[in-house]
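Structure first, commentary second.
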Amino acid sequence: MKIVVCMKQVPATSKVDIDPETGAIKRTSGAARTNPYDLFALETALQIREKLGGTVTVLTMGPPQAEEMMKDAYTMGADDAVILSDKKFAGADVLATSYALAQGIQVSGGADLIICGKQTTDGDTAQVGPAIAEHMHIPHAAWVSEIVDVTEKDISVRQNLVSVSQVSKMSYPCLITVEKDMCVPRLPSYLLKKATKDREVKILTFNDMPDQDLSRYGLIGSPTSVERMFNPPEKEKQVYLEGNAEEKADALFSILTDKKII
């Protein structure tokens, strides 16, 4: 069983630098962390590997400093790590990002099962995973909240689809995107950190991609663009209420009604 987990580094703060020309977040500046949803994807992959055997490869597209995130994945139990890093990939929308990731999976030897987090905390589109599957012409199931059963031939998952819940069964190769809280991500292991400190994180560039059509990657290959992006204004106001409990309750009620909150 070969499992690929797609991961992403996202800003660790709401204060980010934005390119005024492209409207894109500057990934090379500011603190970054692993997208929280992707930790559930990695844990799901590790649990499946424990049951069926095989390997877990983590894949991301981003600047070279994403290596830190991939090293963290090693300390949780990932076997291999690949970063797609090239200026030609920069500024990609959902379509171009998913195409590059699909190409990266192909050049890395393919996969029986691809697992993505449901969405990222910076983009929130929840479209990249399904788009990867469409590029690769394989079945997919989104919003997976439970692995019902997994065998060497197929996987059955429960999907929460807003108003309904359904169980879907798919043969490999296939892709799933997982919800948060479907499992508890394990903590990094100090022993694995020592054992993997010299393990390579492979870097792939545009020149490594099977498809060398530049019009399908990065900003050039993105049919959608951000018209405007800005940091939300900071509005922090504190009100201290004095008096006993009854007086504080009356004061709070007055504030809320004056602001037409209730």
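Rule-based calculations on the coordinates, nothing more; no lab input. No experiment lies behind these values; they were computed from the predicted model shown. Because the Cβ atoms are built from the backbone with ideal geometry, glycine has one as well, and the counts that use them run over all protein chains shown.
Taking only C-alpha pairs under 8 Å that are 6+ residues apart, what is the relative contact order of the range 136-228 in percent?
21
Taking the Cα centre of the range 47-146 as origin and charging only Cβ (+1 Lys, Arg; -1 Asp, Glu), how large is the dipole, in debye to the nearest 20?
Here the size comes out at about 140 debye.
Compute the signed sum of charges (Lys and Arg +1, Asp and Glu -1) over the other residues within less than 14 Å, Cβ to Cβ, of G117.
Summing Lys and Arg as +1 and Asp and Glu as -1 gives -2.
Between (i) 18.7, 60; (ii) 21.5, 71; (iii) 18.0, 51, which matches Rg and Dmax of the Cα atoms in Å calculated for the structure shown?
Given (i) 18.7, 60; (ii) 21.5, 71; (iii) 18.0, 51, the structure-derived one carries the label (ii).
Enter the angle in degrees (range 0 to 90, nearest 10) between the Cα long axis of helix 36-52 and the first principal axis of the Cα atoms of the chain, meaning the one along which they spread out most.
40
Roughly how tilted is helix 67-76, in degrees to the nearest 10 and between 0 and 90, from the longest Cα axis of the chain?
80
Mean residue ellipticity at 222 nm from the helices of the chain, using -39,500 (n - 2.57) per DSSP H segment of n ≥ 4 over the full residue count, to the nearest 500 deg cm²/dmol? Mind showing how you got there, number by number?
Numbers: 6 runs with 70 residues, N = 262.
Roughly -8000 deg cm²/dmol at 222 nm, from the helical runs in the chain.
At q = 0.14, 0.20 Å⁻¹, what base-10 log of I(q)/I(0) does the Debye formula yield for the range 95-139 when every alpha carbon is treated as an equal point scatterer in vacuo?
-0.30, -0.61
Where does the range 106-262 land on Rg(C-alpha)/(2.2 N^0.38 Å)?
Scaled against compact globular proteins, the figure is 1.61.
What pairs in K87/K169; K88/K193; K8/K197 have C-alpha atoms more than 29 Å from each other?
K87/K169; K88/K193
For the chain, set up a GNM with springs between Cα atoms under 10 Å and report which of D72, D122, D250 has the largest fluctuation.
For the chain, modelled as a Gaussian network with Cα springs under 10 Å, the answer is D250.
Normalising by the residue count of the chain, find the relative contact order in percent from Cα pairs under 8 Å and 6+ residues apart.
Here the relative contact order equals 24 percent.
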